[in-house]
Structures are given as structure tokens and as C-alpha cells.
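The values are calculated or read from the model by the stated rules, or taken from the named source; none is laboratory data. In this text, all values refer to a predicted model and were calculated from it rather than measured experimentally. A quick note on method: Cβ atoms are made from the backbone with ideal geometry, for glycine too, and the neighbour counts reach across all protein chains shown. SASA here: full protein model, heavy atoms, side chains in, ligands and nucleic acids out. Shrake-Rupley method; radii C 1.70, N 1.55, O 1.52, S 1.80 Å.
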Amino acid sequence: MHSRLSAYVSDTTPGRGALRTARSWLHSDAPSRSLNGLWCFRLSPTAQVAEDFADERFDDSDWDSIPVPSHWVLQGDGAYGRPIYTNVQFPFPIDPPHVPDENPSGDYRRHFDMPADWSAAERVVLRFDGVESLFRLWVNGDEIGSASGSRLAHEFDVTSSVHPGDNVVAVRVHQWSAASYVEDQDQWWLPGIFRDVTVIARPGGGIEDVWLRTGFENGHGRVETEVTADAAAFPVTLRLPELGIEQVWATPADVAPFDVDRVEPWSAEQPRLYDVTVSTATERITMRAGFRTVEIRGDQFLVNGRRVVFHGMNRHEAHPERGRVFDEKHAREDLARMKRFNVNAIRTSHYPPHPRLLDLADELGLWVILECDLETHGFDKLDWVGNPSDDPAWREAYLDRIHRTVERDKNHPSIVIWSLGNEAGTGSNLAAMSAWVHARDAGRPVHYEGDHAGEYTDIYSRMYASVLETEQIGTDGSRSTLLNCTPAQGARQRTKPFLLCEYAHAMGNGPGALDQYEALVHEHPRLHGGFVWEWRDHGILATAPDGTPYYAYGGDFGEVVHDGNFVMDGMLLSNDVPTPSLHEYKAVVQPVRFTFDGDGVAITNLRHSADTSDLRFRWRVEHDGTPLDSGDMEVPVLAAGDSARVPLPRITVSQVSETWLTIDAVLAAGTAWASDGHVIATAQLDRSARRPAPGVRPRTSWRQSDGTLKLGIAEFIDGSLVRLAGRAVAGPGLELFRAPTDNDEGASEAVEESDASVAGVSHAELWRRDGLDRLTSRRMSVKRTAEALQTIDKVSAANSALSVTVESVWSLEGDGLELRVEIEPSSGWPTVWPRIGIRFDLPDGAAPVDGAEWFGLGPLESYPDSLRAARTGRFSSTVRDLSVDYARPQETGHRSQLRQLALTSAGTELLRIVTLPDSYGRRPGFTLSRHTPQQIAQAGHSFELPDSTTSHLIIDAAQHGLGSRACGPDVWPEFSLRPEARTIRLRIAAG
Ligand code: IPT
């Protein structure tokens, strides 16, 4: 390659010619024009080819056109290459700072009209809000400069190259550059001009930048203003009309802090904003100020003097069709959804979002950790040798990145912490970034998880720490050392507030244990909560060979190196559908706690600072899930942190059905993010009378049996069930397998002794080794009496001596049919089991099973370590909606603690099943699906599932927990399913 070109592409400095003083993204009345829209576009396979075309730069007659903003790999149906997904891996040779000659390079070109009156402007500036990864700019043939820092704003002074009337801008974007080494975030590589391009007229005597540093202390607000403007631009006037404030500063020296009385503070719960204008004779800036003071006192992180608990999400910019291109409507809906699910914080993983997002966070109310665009994770593979974070050649680029990050967004009250980046090892360049932030903004602490020993950051942060370890971090008594810390470093870390910048990896079905993490936050004030990894799946809308639309993940675009479905680890599916784990999260972090005791309930307001005057409390009583009584509850207004005991309503207890009281705290009035009546918190109280399960009647006079047999609605041939209520049925057979979840497939190391995992080997692998997915059975005996049938089967897998004995007894009890199944494992089963269940197969016939109605836990799926969103009640669903459409098909749909179930076809009941508790009082759960676990386990995407002509009902005596071992701890021992004997008892009747 041309050596000048190669030097440019592999330059570790942030580019040349851009304005070095970054500034706030301000709402100004100075004239500007958006250059978004269609640009002429030509893609070259290498940087060199693009370069060779330089001469014909102005002949674009045969170019294509492309929208700006967009990513070229998501345009043109594959004509411009395909997206690549990698997590840690670099999709090019690790040869820093060089990148391959095969470097897709896009030339963009467009005209714009500069109004004649702009010639009065002092300067004309071109702003790029986001270009991935390195770009070069020409205006009217003049080369202006270059820049890297994909998700950062870059401005260029183009005054001397523009003129009134027609102008031409040309931008050359290279997919790969030295900067790619420091932008190795876990996401799709998506080149192009993907954020706005704007041409701005800067008036003489205008305001270059303004920073309102607002504080709130002892009921007073304080404003310190930093105005960047020429002395000649003064006087500068600041107005805050709502409080009747007008400050006029005649000269720069007059700009002084001032106090404001009667001001309401800003918080994520009550995002009170005040309109402010700052103006000179020639320019007016419109801002919204929120008054809050961020501080670290000892090991506590406080806003306005009160400890903050982060119920946060890691938020990437991801959209199935647009990629990282911002869409305000979608973003606003996303943040409103967060609020509806009791989320109160976001970490902008792992780069600054579109600047407008912070306006929305200010307005809707979310605490924000604003993270710089920086990650060098791929150097981990080299034990961090050559890591840019500790290499002086990169110092300028690192400082440029944090400078652009902080300066752009410094005015937002929602931002309470700056983060230097993610997974970039450690080193002096990071320490230099931190020093720069400390000097520039003393009002916000600095976070960076990779500073394990706490050498240059203010907050102790970890990712994926287990529950036990998190507890140890919160405690001083424990002498346990902290990961990657000497005892002395650990002691230093324990003097700081702690947060989990990532935890609860939400890949596929899971995570479990959200409630265990949350409980710790209430016990140990040093623990400030955390940020779930992550908010949404990053699937890209694609079309399967048979025309079915689906959400693609790594490998679906034929990438050479990729990380599969690790990019599908969100609490929302790619199409914005909340997963059950998001409902679980909402229930776990609900800001109102109910503690039942006797005839009363203690209600506690767990919020940061808001009282409960915005809430109403509703109650209802149900008998077996059928509503009996309801009303409103009188609850005094509770200040944050306060609690009150309130008498329960009068509850009529049924002697024949279960009696449950449910209390909901709901919004009394609509907000910007939810309508009135929206449920914030729920609790249930079981007031059922005790009703012992009928004992099993002893039977004698068994005799050998074969041939056909009819017991009530059940028909058998040679001891096997063939028909129930006149419809064909196969089974029930023992089912120990579940289609492995991403967590079941996870092989992260056991992090502590009490961990249930076998280090390095996934449960799924062990299940396949032991043949749980391919069990066979041998009938050992078939016996009958006049009213009962008993079979004994031995179930085991090929090449295994391990087995499970299954005794099934069908009997007529009164006028009903009972099935009792005793499941008895042989000795020696070595691993946890996914489930202990029995499976009925129900071929479609004339009336296919297409729905279920049940009384039990619902409405969504639940598992032993994810039960908090589930409530006891009566629910119904189509078979289809019982399953969650996880990006990679896997175990889904289990409903726990079933009491009654009706299988329906077009609304008509076909079969009714009532469960009886076992001798411990436990009830089975159920799963109803169009596919078997074995079929689901074979599919990489849902479009690969075979057409089905059968419904499969699995009644599970038990299921293994979920855990979060895809990236984090395994299932907690208590929720880990060890092989054990179980009983299932069902009463079955025709619909
Ligand atoms: C962690 C990353 O910070 C995050 O970006 C994401 O990749 C996550 O893992 C997994 O989905 S880093 C990992 C080494 C724990």
C-alpha cells in the first residue's frame, strides 16, 4: 500500500484538522442546515482503490446513493458487504496499529446550498456526530482534515472553503483503522456515517460553549456558569424565567455563581427541569437545567445528600434495521419502557449515545453513567501485551476521546458518573484520562471497571461478581481478598462505593438470582446496585431462505470470525418484546416493599427521594383465581425510606378453594412514561384454609395384564395409554431433558466453592454425554385390578448403566381418573438434571390443542430462581404465546406450581387436569409446546424448527434453575436440581 495512505490509516492520533476544543451539543438559534439525506456513494474494496479514484472525485455520475445517517453494510441488500459480529475478537489480524489492505472504504458526496446571508457568519463549521471508523473530509475540493472516534462528535472549520450558493462536500470513510483497535466493543462492526451531519453558521459575538454546573444543597440551588465566548460577545444574559432570574454579565470577569431559592431538585424519580436561556446580542442558547449535587461521602454515592441505588441497564444503540442509527421516537419509547419496568439508570455501554438521548434521560428521569468510546478487549488474548491503554503513542487519542465525551454532554443533570470506557486493560493513558476529568469536572466521579486495584478511579466497580463475592465486597468483617487485588488494594477498594457495572447476563432464558443481588443492596449500604447486561438483543432483521423474516446473529452473515448469539443477551428481544426476565426484574426492584404480618401489612417506600403521593394502593381477593372482592387501601403518604403498617381488608376465606389477597401499588395519575393505573409494585398473601391432599389408596389383587383396557376416559393397549377422552395420546414418558438455555451451555469457571458447576464444562455438555436427550425405556411389568393399571418402566440411555425407574398407576377414584407417577433414579447419577417431568404427546387430530387455561403461577414462564414476577392466579394463553421466541431456540414456557390446567381447542376445553401436591406440599409445573425439547435443541433459529402436527404437554415435578453462567455464576445450589425421587399426581377429566 501507498506508504502515505498506510501511515494515515494506521495513525494512532485522533486525526488532523478537526477543531480540538470540543464543546457541548447545544440548542442554539444560530443558523444551521442538516446534511442528512441522500448522498452519492461508492464503495471500494480497499483504501487504496478509493485513493486511486481520487482524481475523479468530482465525477459521481455513476455512483449509487445512500442515506445519511446509515451504515453501508445495512444498505443495498448485501451489495455493500455484511455486518460482522464479534465480542472480544478482532475481525482482522492483531497487528497494531495496522489494518488489512482489504479495508472497505466508502466515498460519500453531496451538494449543499449555503444561504447568501451566511456570509455574515464569522465561521462556518461542519459537524459530524458519528462516523465509523476513520474519515477524511473535503469541501469544494479542499482537503479539510480527518478524524476518528466513531461515536464522538467532530467539528471542522470550513469557513475558507465554502461560499454562498452551491458547495460540494466529500467524505471518505474507512471501515478499519488504527482506531478499530480501541473500538473493540462487544457489538456489530457497522461502518459508515451513522449519525447526523450538520453545517452550522457561527455568528460573530456568539456563544462557543456554555456549561451550567448546577448544584442543590440544603434546599437551595446553585448555578456556576462557564461561558466560552469572545470578550466582545459580552454582555451575556442568563434567564431562568420560572424563577424570575435574570443575570446580565457585562464582561467575562463578571460571570459569577449565584444561588436560587425555592428550587426543586432534579432526581431520576422527579426529573424537575427548568428552562434556561443564555444569550448574547447575536445568539441564544436554550437549555434545561436540573439542580442536583453528586458526591461521594465515605463509601457512599449520594445525590442531593441521599444514597443512590442503581437499578440500571447497560444500553447499547441497537436497532434491527437501522443498527446504531438513532431514532428519537424509538429511543424515547425505549426509555419510557425502562421506566415502566422500574429501571432507574443506564450505563451508555460502551460509548456516548446520540446526544439527544441525554435530553430524553434528563426529561424522563434516569441516572446515567456516561461512558467514553473506548475498548481494547482483543488484547486480552495477548495478555494485554501491546495494549494501547499503556502505550504513549496512544495517549493523545485517549485524551481526545474523553475530552470529546465530557465536553459534549457536560450539561446533563442525568449524568452522574463519567466512565472512561470498557475492558481496555489498565495503564497510564487511562490514568491520564481520569486526571483530565478530575481537573475538568470535580462535580462527578470517575468510573472504570478495569481499574481493579482502584489506582485512579473513584468507584469500586466489578462485572459478573457472584452473589457471595458481592456480599463480601459489602462487608468489612470478611477477610476474603477481592479479585485482582492485593489485601491492601482490597482495603482501598472497600473505602469506596461499589457498583456492578455489569451483572445478570440476560442471554436467552435467564438470568436467575436477580432477587439475591437485590437483597444485598438493602443489607450493605456500600453496595449501590448495578447494571444488567444488557437492555436489548442486537439481532439484525434478515430473511431465511424460505422467506421467513428472522433476527440474525453472529455467523448468519458468513463472518470468518464471529461470536454467534452472544450478541442476543438483552432483556428485550430484538423486536422490542420484553422477556420474562424483564418482568422478573421489575418485580425484584419494585420501589415499594410489602411485609405481611398478622392482620396488617407494613408498606415501605424504598425510593431515593420521592414520597408515595403519586401512588394508589388497590387490593383484591380471589378464590382459586376468581375475583371475589376488591377495593382501595388507605395508605398514608410515605416519605422516601419511611414505612407504615396498614390493616388488611377483610378477607373471606374459602373452605373449598385457595384464598389469595393481592395488593398493587399503581400510579394515581399518568406520567410521561406510563398511564394512570400502571402497576409499580405487587404483593400477594396466601390466606387459604389448609386442605390435605387425599392419601393414596392401597391396592391388592394386582394381576398381570395385556391387551386393551379402559379406565374412565383412558384407553390402554398392553399397558400403554393410547387415548384420552376419545383423542389419541402418546406417553406419558419420562422427560429429563430441556433444550439447553444459553446459561446451560455456558462454561464459565466455577467462581467459588459453593458453586454448583463443574468448572469449564457446561451442564448441557454433561446432559448430552449422559444421554438425557435420548432416553429409551424398557417395560418391566404391567399389572391391573378392576379399577387400576400399574406399569413399571426402566428408563436409560445408550451406553449408560444409569437408569430411572418409573412406576405409573392409573386408577379410578370416585368418578375421576388419577395418574400417579413415581420417579426413582438409580444410584450414581453424577450431574444436575434439567428437569424431572413426564411428557404427553397429543397429535392434532380434528381439534388441535391450541390453548391453555390454568390456575397456578403466571402469567409468564417462571423457574426456581426466577419466581418473583409470577403470581398465583388464573391465566390463559395460546400455545404459541406460552413460548418465548428467544433468538436461539431453547427451554421456554415453564409455568410453576400448577393447580388446574385445561387444554383447549378453539376455546373449547378438551382435557382438564388437576394436580395434587406431593408429600412435601409441592406442585408440579407445566410446559405446553408445539415442539419437543429435542427438536428445540436442534434449531439455531426458530425458522429451523420443523412443522409440527403435535402438541407436547410436559408436567414437571421439578426444573433446574436458570443461573447466568453464559457469562457469570451458575445456578445457586438451592435452585440446582440434583437427581432425586419425585412423585407426580394428576386427576384428569374430559373437558
Ligand atoms: C463483558 C463486556 O464488558 C460486555 O461488553 C459484554 O461483552 C459482556 O461481557 C458479555 O456479553 S466482558 C466479559 C469478559 C465478562
key: Dipole of the chain [Lys/Arg +1, Asp/Glu -1 at C-beta], most positive-end residue of S70, S613, F498   = S613
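Considering only DSSP states other than H, G, I, E and B, which trypsin sites (Lys or Arg not before Pro) in region 478-534 qualify as loop sites with at most 13 other Cβ atoms within 10 Å?
R479
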query = In the chain, which helices (entire DSSP H runs) extend 30 Å or more along their own long axis, judged by Cα positions, while averaging at least 1.0 on the Kyte-Doolittle scale?
reply = none
query = Where the accessible area of region 594-686 is counted over protein heavy atoms with a 1.4 Å probe, how much of it, in %, is carbon and sulfur?
reply = 49 percent
ask   = If you line up the Cα atoms of region 2-202 on their principal axes, what length do they span on each, largest first, in Å?
value = 51, 38, 33
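Pairs of alpha-carbon atoms within less than 8 angstrom and 6+ residues apart define the contacts here; what relative contact order does region 2-202 have, in percent?
Numbers: 449 pairs, mean separation 67.3, N = 201.
It comes to 33 percent, rounded to a whole number.
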query = Counting only the backbone N, which residues of region 235-269 are under 14 Å from the spot 7 Å out from the Cα of H27 toward its beta-carbon?
reply = 241
task = Please report, in debye to the nearest 20, how large the charge dipole of region 536-602 is about its Cα centre when each Lys and Arg carries +1 at its beta carbon and each Asp and Glu carries -1 there.
result = 200 debye
key: Rounded if a/c under 1.5, otherwise prolate or oblate - region 884-950, Cα gyration tensor axes   = oblate
query = Among rounded, prolate and oblate, which fits the chain when a ≥ b ≥ c are the square roots of the eigenvalues of its C-alpha gyration tensor, a/c under 1.5 means rounded, and a/b larger than b/c means prolate?
reply = prolate
ask   = When only the heavy atoms of the protein chains count and the probe is 1.4 Å, how do K410, K783, K381 rank by accessible area, highest first?
value = K381, K783, K410
request  = Could you look at region 331-476 and say what percent of its accessible area is carbon and sulfur, using a 1.4 Å probe and all protein chains?
outcome  = 50 percent
query = Among V276, G940, G963, whose Cα sits farthest toward the positive end of the charge dipole of the chain (+1 at Cβ of Lys/Arg, -1 at Cβ of Asp/Glu, about the Cα centre)?
reply = G963
request  = Over the chain, calculate the relative contact order: mean separation of alpha carbon pairs under 8 Å at least 6 apart, over the residue count, as a percent.
outcome  = 9 percent
Summed side-chain charge close to R616 - residues other than R616 whose Cβ falls under 12 Å, Lys, Arg +1, Asp, Glu -1 = -4
Nitroxide proxy distance, nm - points 7 Å out along Cα→Cβ at D918 and A990 = 3.2 nm
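Counting other Cβ atoms within 10 Å of each Cβ, which chymotrypsin sites (Phe, Trp or Tyr not before Pro) in region 895-991 have at most 13 and sit in a DSSP loop?
Y920
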note = Sorting I955, I296 on solvent-accessible surface, 1.4 Å probe, most exposed first, gives I296, I955
V646-A120 pseudo-label distance in nm [points 7 Å out on the Cα-to-Cβ vector] = 6.2 nm
key: In the chain, lysine pairs closer than 17 Å at Cα, eight or more apart or cross-chain   = 4
ask   = Using only Cα atoms, what Kirkwood radius does region 209-291 have, in angstroms?
value = 13.1 Å
query = With a ≥ b ≥ c the root eigenvalues of the C-alpha gyration tensor of region 705-990, is it rounded (a/c under 1.5), prolate (a/b larger than b/c) or oblate?
reply = prolate
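Nothing charged except the Cβ atoms of Lys and Arg (+1) and of Asp and Glu (-1): what's the magnitude of the dipole of the chain about its Cα centre? Round to the nearest 20 debye.
Dipole magnitude for the chain comes out near 3440 debye.
In Å², what does the accessible area per residue of the chain work out to with a 1.4 Å probe? Walk me through the numbers before you get to the answer.
Details: 36720 Å² over 991 residues.
That works out to 37 Å² per residue.
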message = Tell me the relative contact order for region 705-990 as a rounded percent, counting alpha carbon contacts under 8 Å between residues six or more apart.
response = 23 percent
request  = For an R0 of 51 angstrom, estimate the FRET efficiency from the Cβ-Cβ distance between Q900 and I245 and round to the nearest 0.05.
outcome  = 0.20
task = Take D64, project a point 7 Å from its Cα along the Cβ direction, then tell me which residues of region 18-46 have their backbone nitrogen under 13 Å from it.
result = 39-45
